[in-house]
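The values are calculated or read from the model by the stated rules, or taken from the named source; none is laboratory data. All values reported here derive from a predicted model rather than from experimental measurement. Glycine also receives a Cβ, built like all others from the backbone with ideal geometry; neighbour counts cover every protein chain displayed.
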Amino acid sequence: MSSAPVIILVEPQMGENIGAAARAMLNFGLTDLRLVKPRDGWPNERAVAMASKADKVLDGVRVFETTADAIADLQTVYATTARGRDAIKKILTPNAAAAELREAANTRVATGILFGKESVGLSINDVTLADSIISVPLNPDFSSINLAQAVLLVGYEWFQTADDTPPSWILNEERPATKEELGHLLARIERELNNHGYFDPIPTRKNVILRNMRSMFHRLGLVESDVRAFQGIIKGLSMTPKDKNNDDNNP
């Protein structure tokens with residue numbers, strides 16, 4: 001059983017941002033939220049409204065007077081900041097930090113991540129308390145993200161380190177068409193093309209055209225309903241107006 005990192009918001013200024021951060025946390029399985037001197041106090045009704053039922057996070061919030069108190073029981077702490085120039089620290093991307101956090105959690109090392117106030121971020125004194133810095137690669141011409149966005153971004157990277165969702169899948173997946181079904185479809189296409197004189201101008205090219213067509217259809221990876229749809233399209237294209245009227249009157 002692994003231990004997820006603690007999220008510590010240092011001097012958050014708005015209840016709405018605390019609630020949004022809590023919501024982002026629960027999206028990614030993070031539930032331990034600590035606050036250091038929240039400006040508007042705690043509990044905060046605006047945080048509850050913005051959290052959108054992330055009660056599991058808000059009900060367990062702990063409030064501390066100093067950052068040192070908030071991280072006292074932790075063994076490894078990361079600071080999210082772009083202000084690391086005055087401290088000699090290892091700097092990691094959120095992805096790299098998440099990998100370290102997962103490894104630490106799997107060995108029962110207690111970890112935490114510091115996030116600063118909305119207006120100025122973490123102070124250099126807070127950064128000094130951390131072991132490493134998390135720095136988010138952003139557009140250098142516009143690198144400002146809000147508190148909840150920062151929590152969501154780091155939380156996402158943490159969650160991905162243990163997520164086994166496949167990179168892609170087919171919605172409402174059906175069984176692949178059988179070769180027999182494809183064979184009937186291709187035979188019908190050939191028959192209709194013959195009936196409409198498609199090959200007449202270039203009869204010597206018929207075999208090449210059919211071979212290319214077969215190759216194309218086999219590459220498409222058609223499912224059962226695709227074949228039925230093509231059969232319906234061919235039927236519609238091959239019907240005369242009289243046939244269509246009879247078909248409409250006999251559903």
Checklist entry - Does at least one position in the range 178-196 carry a residue that is modelled with pLDDT of 90 or more, of a type in the set (S, T, N, Q), surrounded by 11 or more Cβ atoms within 10 Å (Cβ to Cβ) and under 20 Å from Arg23 (Cβ atoms)? => result no
Checklist entry - When only residues in the range 228-251 that are modelled with pLDDT under 85 and of a type in the set (Lys, Arg) count, which is surrounded by the most Cβ atoms within 10 Å (Cβ to Cβ)? => result Lys244
Next on the checklist: Here is a check on your reading of the model: is Pro43 in contact (Cβ under 8 Å) with a residue 60 or more places away in the chain and not small (Gly, Ala, Ser)?
Outcome noted: no
Item to check | Pair list, Cβ < 8 Å and 6+ apart or interchain, from the range 194-216 residues that are free of Cβ contacts under 8 Å to residues at least 12 places away in the same chain and under 20 Å from Ser238 (Cβ atoms) to residues that are β-branched (Val, Ile, Thr) and surrounded by 14 or more Cβ atoms within 10 Å (Cβ to Cβ) | outcome: Phe199/Ile209
Next on the checklist: Just checking, does the range 65-76 include any residue being more than 20 Å from Asp32 (Cα to Cα), in contact with a Gly (Cβ under 6 Å, 6 or more places away or on another chain) and buried (at least 17 other Cβ atoms within 10 Å of the Cβ)?
Outcome noted: no
Checklist entry - If you check Val208 against the conditions, is it among the β-branched types (Val, Ile, Thr), exposed (fewer than 11 other Cβ atoms within 10 Å of the Cβ) and modelled with pLDDT of 90 or more? => result yes
Item to check | Residue check, Leu74 modelled with pLDDT of 95 or more, over 23 Å from the mean Cα position of the chain (by Cα) and under 30 Å from Asp164 (Cα atoms) | outcome: yes
Item to check | Criterion: closer than 20 Å to Arg34 by Cβ, at pLDDT below 95 and out of contact with any Phe, Trp or Tyr (no Cβ under 6 Å at 6 or more places or on another chain) - qualifying residue of Leu153, Leu122 | outcome: Leu122
Checklist outcome for this item: Matching residues in the range 6-24 (under 17 Å from Ser119 (Cβ atoms) and in a strand (DSSP E or B)) number 2
Next on the checklist: Among the residues in the range 86-95, are any modelled with pLDDT of 95 or more, in contact with a Pro (Cβ under 7 Å, 6 or more places away or on another chain) and within 18 Å of Gly29 (Cβ to Cβ)?
Outcome noted: no
Checklist entry - Identify, please: which residue in the range 103-121 is of a type in the set (Gly, Ala, Ser) and part of a loop (DSSP other than H, G, I, E, B) and is, among those, surrounded by the fewest Cβ atoms within 10 Å (Cβ to Cβ)? => result Ser119
Checklist entry - If we only count helices (runs of 4 or more DSSP H) wholly inside the range 136-221, which ones have 1 or more residues that are in contact with a strand residue (DSSP E or B) (Cβ under 8 Å, 6 or more places away or on another chain) and closer than 30 Å to Ala98 by Cβ? => result 147-160
Checklist entry - Looking at Ile88, Ile124, which is the one that is free of Cβ contacts under 8 Å to residues at least 24 places away in the same chain, under 26 Å from Asp69 (Cβ atoms) and surrounded by fewer than 21 Cβ atoms within 10 Å (Cβ to Cβ)? => result Ile88
Item to check | Checklist (1) touching a residue at least 40 places away in the same chain (Cβ under 8 Å); (2) assigned to a helix (DSSP H, G or I) applied to Glu100, failing item | outcome: (1)
Next on the checklist: If I filter the range 25-74 down to residues being part of a helix (DSSP H, G or I) and of a type in the set (D, E, K, R), which single residue comes out as farthest from Ala98 (Cα to Cα)?
Outcome noted: Glu45
Checklist entry - Out of the range 36-55, which residues are crowded, with 22+ Cβ neighbours inside 10 Å, under 11 Å from Gly15 (Cα atoms) and in contact with a strand residue (DSSP E or B) (Cβ under 9 Å, 6 or more places away or on another chain)? => result Pro38
